[in-house]
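Input: a single structure, listed below in structure tokens.
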Amino acid sequence: MKTQMIDLLKVYPVDKNGLQIDENEFAKKHDIIENVLHDCGIVATYIKATVGHRCSLFEIKTSTPLDIIKARESRILRILSAYTLSAHIVIPNENTIGIEVVNNKMEIISMYSVINSQAFKESTMELPVALGRTSINSVYMFDLAKMPHLLIGGATGQGKSNCLHTIITSLLYQKNPDELKFLFIDPKRVEYTLYEDLVNHYLLKIPGIEKPIVTDCDKAIYALNSLVEEMDNRYRLLVEKHCRNIVEYNKKAIEKGLEKLPYIVVMIDEYGDFMMRAGKMIEPPIARIAQKGRAVGMHLILATQQPSVKIVTRVIKANIPGRIAFRTEIESSTILDERGAEVLSGKGDLLISTGEKTERVQCAFVDMSETEKIVEYIVKNEQPCPYKIKGFKNDELKPTDVVNMEKTEVKAAK
């Protein structure tokens, strides 16, 4: 990790003084939860509270069968909401459930606190992302290389943009310019402008596209199809060198003095705008990269404030297992395949599903001034390392692309 860049991040009072526990608040919520569970026919034999920055976890031991608890989950949440307790139920095993409740006083989780954590500094992940903290105050991390793609959805103003900057910041702190390249696609034209100066360091160069940030729909289609060509070229390299993935290839490249292949992370902010304008043209390359990109180090992050079935299609969901849901105005099942995001408190409060389980996390906050300092530092202190790929030669998608997508969709449904 680049420890020399730690001082570029803000340190907040909570980072120095720790969390302050309000005993009266906890006692009141403890009694409310116990009474609500009793009214719903669930006997709580023990309740333990653990304080977090945004949420606190009330761990409850009970002899009530799991199926009864699940059947009454919506009723419990509805009653708790009447007490203005924004809650989420976690059911890890047969005799213990957890109820995560938003604190009255919410502390900022600084990017400094997660980047400077032991877990992040000692991480052996290929593409480590320190997303934020859980309700028990532990740093939540995931490896984008293993995920291997991520879908982010939620209503406007709930923290999606900040989440994208958190992911970018984590990767910039762990990877050098020769190890990682970004392709930023932004129909809003304003989200990624802070990173334009990294054009010779971390931004992917595509022939025919002059600007480092892709904002035009036609150019986005061209850029994504160029990546599909790059993906196929990388697979040919793996076959030639008898490697199964990018990690094995890069090890051989170092031994034999060859050029390493950098990871490529494609970040599309509000991809729903492109889907509405040219869905039949933009979905095929996204689906192909999602299907085959992992082995050759290509990863997708799609964000949208329109998590409808027309935007988050079955093809997209079938190939992108990693999901993040911020507070939604409609049911979050379109994103997560389950409800829960409707009761989140907003301001970075999220649910993340990795395919195995869903966890509640408070996203770390990245200030614009921090990003500016990080970019300025990289430009001044790190060696430029341009990486150029070949452009897409065909003007139109092949009909087989759409056929392959439909076959994938049917297979995923089975």
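The values are calculated or read from the model by the stated rules, or taken from the named source; none is laboratory data. Keep in mind that this is a model prediction, so the values were computed, not measured. Quick reminder, even Gly has a Cβ in these numbers, built from the backbone with ideal geometry, and neighbours come from all protein chains shown.
Of the candidates SER170, SER123, SER117, SER161, the single residue that is closer than 19 Å to VAL11 by Cα and surrounded by fewer than 21 Cβ atoms within 10 Å (Cβ to Cβ) is SER117.
Report yes if LEU144 is modelled with pLDDT of 95 or more and touching a His at 6+ places or on another chain (Cβ under 7 Å), otherwise no.
On the way: modelled with pLDDT of 95 or more: yes; touching a His at 6+ places or on another chain (Cβ under 7 Å): yes.
It is true that LEU144 is modelled with pLDDT of 95 or more and touching a His at 6+ places or on another chain (Cβ under 7 Å).
Name every residue in the range 254-276 that is assigned to a strand (DSSP E or B) and among the charged types (D, E, K, R), in order of residue number. It would help to see each step written out before you state the result.
At the first step, the residues of the range 254-276 found to be assigned to a strand (DSSP E or B) are 263-269.
Selection gives ASP269 alone.
Here the range 244-263 is the region considered, the condition is being of a type outside the set (D, E, K, R) and surrounded by fewer than 17 Cβ atoms within 10 Å (Cβ to Cβ), and the residue that is farthest from the chain's Cα centre (by Cα) is GLY257.
For the range 1-35, residues that are over 30 Å from SER63 (Cβ atoms), assigned to a loop (DSSP other than H, G, I, E, B) and aliphatic (A, V, I, L, M) total 4. For the range 36-147, the helices (runs of 4 or more DSSP H) that sit wholly inside it and include 3 or more residues that are over 23 Å from the mean Cα position of the chain (by Cα) are 66-71, 73-82.
Would you say ILE76 is touching a helix residue (DSSP H, G or I) at 6+ places or on another chain (Cβ under 8 Å), surrounded by fewer than 20 Cβ atoms within 10 Å (Cβ to Cβ) and either outside the structural domain of ALA325 (by TED's automatic domain parsing) or closer than 16 Å to GLY52 by Cβ (or both)? Taking the combined requirement at face value, the residue does not satisfy it. Taking each residue of the range 307-328 that is over 20 Å from PRO284 (Cβ atoms) and looking for partners that are crowded, with 18+ Cβ neighbours inside 10 Å and acidic (Asp, Glu) with beta-carbon atoms closer than 7 Å, six or more apart or interchain, yields ARG327/ASP349.
Taking the range 346-388 on its own, how many of its residues are aliphatic (A, V, I, L, M), touching a Cys at 6+ places or on another chain (Cβ under 8 Å) and not in a strand (DSSP E or B)? Talk me through it step by step, then tell me what you get.
Initial filter on the range 346-388 (aliphatic (A, V, I, L, M)): 350-352, 361, 364, 366, 368, 374-375, 378-379.
Next, only the ones that are touching a Cys at 6+ places or on another chain (Cβ under 8 Å) stay: 350.
Of the ones still in play, those that are also not in a strand (DSSP E or B) are none.
Adding up the residues that qualify gives 0.
When the range 291-310 is limited to residues that are of a type in the set (Gly, Ala, Ser) and within 28 Å of LEU237 (Cα to Cα), the one that is surrounded by the most Cβ atoms within 10 Å (Cβ to Cβ) turns out to be GLY297. A Cβ distance below 6 Å, combined with a sequence gap of six or more or placement on separate chains, defines the contacts here; from the range 257-278, residues that are among the aliphatic types (A, V, I, L, M) reach residues that are modelled with pLDDT under 85 in the pairs MET275/ILE311. When every residue of the range 88-97 is checked against the conditions, at least one turns out to be under 21 Å from ALA341 (Cβ atoms), outside the structural domain of LEU350 (by TED's automatic domain parsing), touching a residue at least 40 places away in the same chain (Cβ under 8 Å) and surrounded by fewer than 20 Cβ atoms within 10 Å (Cβ to Cβ).
Across the range 311-336, the qualifying residues are those that are at pLDDT below 80 and not in a helix (DSSP H, G or I), and the one among them that is surrounded by the most Cβ atoms within 10 Å (Cβ to Cβ) is SER332.
Note on the range 264-290: among residues that are charged (D, E, K, R) and out of contact with any Cys (no Cβ under 6 Å at 6 or more places or on another chain), the one that is surrounded by the fewest Cβ atoms within 10 Å (Cβ to Cβ) is LYS280. Counting only residues that are farther than 17 Å from HIS299 by Cα and free of Cβ contacts under 8 Å to residues at least 12 places away in the same chain, the range 227-240 holds 3 of them.
With respect to GLY297, is the statement that it is in the same structural domain as LYS188 (by TED's automatic domain parsing) and modelled with pLDDT of 95 or more true?
Numbers: in the same structural domain as LYS188 (by TED's automatic domain parsing): yes; modelled with pLDDT of 95 or more: yes.
Yes, satisfied.
Does the range 228-243 contain any residue that is within 21 Å of ASP178 (Cβ to Cβ), at pLDDT 95 or above, under 22 Å from the mean Cα position of the chain (by Cα) and not aromatic (Phe, Trp, Tyr)? No: the range 228-243 contains no residue that is within 21 Å of ASP178 (Cβ to Cβ), at pLDDT 95 or above, under 22 Å from the mean Cα position of the chain (by Cα) and not aromatic (Phe, Trp, Tyr).
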